[in-house]
Amino acid sequence: MTNQTLSQSDWLRSYYSVRAAFSILWVAAAVLFTGSPTLVSALLVIYPAWDAVANYVDARSNGGFKENSSQTLNIFVSTVTTLAVVLAATKSTYAILAVFGVWAILSGALQLTTGIRRWRGYGAQWAMILSGGQSCLAGGFMITQSLGTTPPSILDVAPYAGFGAFYFLISAIWLTISSRRKARSAI
């Protein structure tokens, strides 16, 4: 393992930890502020916007946008989703949930692609691959719910964010353990 790969592995560990922490805080805020339409709307806009920013920072820190085409596309998808959530918020909660469903499918497929690409260089990407696949399934479920009769709420999105936090946390822990094992074996 080269020093650059080691520093990129350290970067990913930190990145996954920050992503997990953000998602945990987002879920907590969603539960706490479920009765406040203004705060709920802000949270629903912030979530895909954060994803765009996080993918931007990660792609830039891991070789640039050309090298990370799936993340570059995810930046675009998450940015468009942010704007679509703003527009959907003027329509209905059904529209918001449908937008989140489409976003979950697209961003999940792109995360899956990123995880597969990173597997060889960094390992410990199985959780990101599972997360991407589960995101696609969750997106389909959200779209189905958006077509139902029960009015959706932010609590229909919170489990999606919660599972994202779980997978990011697992990835951070797995990279930490892998790094320590490699350091011990090098001694």
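Assorted remarks:
- Yes/no for residue 151 being outside any helix (DSSP H, G or I) and not polar (S, T, N, Q): yes
- Residue within the stretch 122-143 that is open to solvent by 40 Å² or more (accessible area, probe 1.4 Å), at pLDDT 95 or above, among the aliphatic types (A, V, I, L, M) and over 25 Å from residue 11 (Cβ atoms) present: yes
- Selection of helices (runs of 4 or more DSSP H) fully inside the stretch 1-103 by the criterion of at least 1 residues being closer than 30 Å to residue 181 by Cα, open to solvent by less than 80 Å² (accessible area, probe 1.4 Å) and of a type in the set (Asp, Glu) returns 3-32, 37-61.
- Residue check for residue 177: within 25 Å of residue 28 (Cβ to Cβ), open to solvent by 40 Å² or more (accessible area, probe 1.4 Å), assigned to a helix (DSSP H, G or I) and at pLDDT below 95: no
- Breaking point among (1) open to solvent by 40 Å² or more (accessible area, probe 1.4 Å); (2) at pLDDT below 95, for residue 114: (1)
- Being closer than 21 Å to residue 49 by Cα, β-branched (Val, Ile, Thr) and out of contact with any strand residue (DSSP E or B) (no Cβ under 9 Å at 6 or more places or on another chain) holds for only one residue in 173, 154, and it is 154.
The values are calculated or read from the model by the stated rules, or taken from the named source; none is laboratory data. Small disclaimer: the values here were computed from a predicted structure and weren't measured. Neighbour counts are summed over all protein chains in view; Cβ atoms, including those assigned to glycine, are modelled from backbone coordinates with ideal geometry. Note: accessible area is taken over every heavy atom of the protein model, side chains too, but ligands, DNA and RNA are not part of it. Shrake-Rupley method; radii C 1.70, N 1.55, O 1.52, S 1.80 Å.
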